Structures are given as C-alpha cells and as structure tokens.
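The values are calculated or read from the model by the stated rules, or taken from the named source; none is laboratory data. Note that the structure is predicted; figures quoted are calculated from it, not measured. Neighbour counts are summed over all protein chains in view; Cβ atoms, including those assigned to glycine, are modelled from backbone coordinates with ideal geometry. Calculation scope for accessible area: heavy atoms of the full protein, side chains included, ligands and nucleic acids excluded. Shrake-Rupley method; radii C 1.70, N 1.55, O 1.52, S 1.80 Å.
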Amino acid sequence: MEAPHSQTADAVTPPNPSPSPYPNPAPVSAPTPAPTVLTIGSPEEMRELGRGLAALLRPGDLVMLTGELGAGKTTLTRGLGEGLGVRGAVTSPTFVIARVHPSLTGGPALVHVDAYRLGGGLDEMEDLDLDVSLPDSVVVVEWGDGKVEELSDDRLHVVIDRVVGAVDAGSEDDDRRTVTLTGYGDRWSGTALELSPQSPEPSSQPSPELPSELPTGEAGGR
C-alpha cells in the first residue's frame, strides 16, 4: 500500500494593497470643554456666585481667575472663602504673593495667590510650594494665565468681563459682568457648572483673625 501523500496548504500571497487615496487622519485632540456663561448684576451676586462655586470645590482644586482691574476677582474669591468657611477676611493680595486662610470647619484651606508679579511663571510658583498645598487646599490664583497651568491638569478657569455696551458711568448697570466658567481635566468632566447666583441675605462675616501670609516687595493695588 502506498503511503498517502502529505497534504500541505498552498501558501497564498495576498495581493499588494492599493495605496489609499485618502491621507492619514490627523491625531484626534481632546475636545474643548464647553463653557458656562453667566451674567452677574452686582457685587453681591458675584460674591454669592463664589459661595455657590465653593460647594463644588474640594481639596486639590485649582481655580484660575482672569479679568481686568476691578472686574471682581477678589469679590468672587471673598465669596469662595465664605462658602468654604475659612478664617480671615479675604482681601486683594496687594502686598503679598499669597495668603493662606485655614479652614474653621475642618475643610480645605484657601490659598489666595496673586501671580501678577511672578515673571518667572511656574518656577516662581513652585518656590511658594503651591504644588505641596494643592493636595490639601483649594488654590485660587489671580493673574495666573500662562503661569500656573502646569501645576495641575485639572483646573477651573473663571473669566470675568465687563458687559459690553454698559450704560453711562455711575448707573447701576456699571456693575454688570459676564462670567465664563470652563473646567479642564477629568476632575471637571461631567461636573455641572449651571449656577444661578442671587443677592444673598445679610449674614455674619467670617472671623477677622488674620490669615497666614507670604510677603513680597512693594506692589500697586489691583
């Protein structure tokens, strides 16, 4: 009996694929977060907006405030401090780079930073040990555009603009502001920023005890 012939599969060489008429797709970049735009009618409403934002904040959060002189950045931060229940009245950090407001309620401290004079950007910010404070505190930075973004991939950017076409100076509408809230990173993904600030009822002020400060040289008020 003849031994059966071994059957081997014939090797099939696939045809050379035709070159695609379409260029390689460009890398997909992360989508730009959708901002929330609010209209604020008075300093009281700006302060109340800060109180509302405080309810969304937790230790490790970085908040960047952008706005021209007198836009209301410190007023908003004052509301944040009241909402977080920290020690000391929040004021514009004119003669210091940063003020640390410890919590009176066991929550995160508020670190209020004025980056206006930090020409060195991130290097000088790290000298303030803000990266150490981030895990345990809420850090609010005024004038931080282009200087502190590298401190955290997750941040809340608040832009305050005067309402375009406001009526004559001296009228009530001079205080109207447009506030744009944009959350970046996984921390703010899916976080609703739909807030409706209202003028608050009169309430007691936080303890007048002085917060901790990191002094610097002379500076003009902003």
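Ligands, DNA and RNA excluded, the heavy atoms of His157 present near 30 Å² of accessible surface to a 1.4 Å solvent probe. Between Asp161 and Thr39, full extension at 0.36 nm per residue minus the direct alpha carbon distance yields a gain of 43.0 nm. Accessible area per residue was computed with a 1.4 Å probe on protein heavy atoms; Leu69 scores about 100 Å².
Spacing of the modelled spin labels on Glu194 and Asp174, each 7 Å from Cα toward Cβ, amounts to 3.5 nm.
Please compute the length gained on full extension between Asp145 and Ala89, using 0.36 nm multiplied by the number of residues separating them and subtracting their Cα-Cα distance. Don't skip to the answer; put the middle values down first.
Values: separation 56, 0.36 × 56 = 20.16 nm, distance 2.50 nm.
Extra length from Asp145 to Ala89 when fully extended: 17.7 nm.
Solvent-accessible surface of protein heavy atoms, probed at 1.4 angstrom with all chains present, puts Asp61, Asp153, Asp161 in the order Asp153, Asp161, Asp61, largest first. The stretch between Ala55 and Asp186 holds 45.3 nm of extra length on full extension. This uses 0.36 nm per residue minus the Cα-Cα distance.
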